[in-house]
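We did not get these values from a lab; they are worked out from the coordinates using the rules stated. Treat the numbers as computed from the prediction; the structure is a model and nothing was measured. Methodologically, a virtual Cβ is constructed for each residue, glycine included, from the backbone with ideal geometry; neighbour enumeration extends over all protein chains shown.
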Amino acid sequence: MDDKHIAQLNAHLKRTFGNPHFEVKARKQKDSAEVELKGEFIGVIYEDEDEAGSFLFEMAILAEDLE
């Protein structure tokens, strides 16, 4: 994922959730980026293969996080 998309996604998450602590970071895999909230990894954003210019956000919620 290029720097332009990372910047757009970063701004979108901050604006959408009203939280300046989101951070989208590049990964070794070029089709995705990591998402952190206050320095803690929370998920991955992938480029949508079916719709150019769109992205998918995947966030796992573990049982231990719900306690």
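Miscellaneous remarks
- Of all the criteria given as (1) out of contact with any helix residue (DSSP H, G or I) (no Cβ under 7 Å at 6 or more places or on another chain); (2) surrounded by 11 or more Cβ atoms within 10 Å (Cβ to Cβ); (3) not acidic (Asp, Glu), the one not satisfied by residue 45 is (1).
- Near pairs, Cβ below 6 angstrom, 6+ apart or cross-chain, from region 42-67 (farther than 13 Å from residue 31 by Cβ and free of Cβ contacts under 8 Å to residues at least 24 places away in the same chain) to any residue that is surrounded by 10 or more Cβ atoms within 10 Å (Cβ to Cβ) and charged (D, E, K, R): 43/58
- Evaluation of residue 32 against (1) touching a strand residue (DSSP E or B) at 6+ places or on another chain (Cβ under 7 Å); (2) surrounded by fewer than 14 Cβ atoms within 10 Å (Cβ to Cβ) (one fails), failing number: (2)
- The residues of region 13-56 that are within 16 Å of residue 2 (Cβ to Cβ), over 10 Å from the mean Cα position of the chain (by Cα) and acidic (Asp, Glu), listed by number, are 31, 47, 48.
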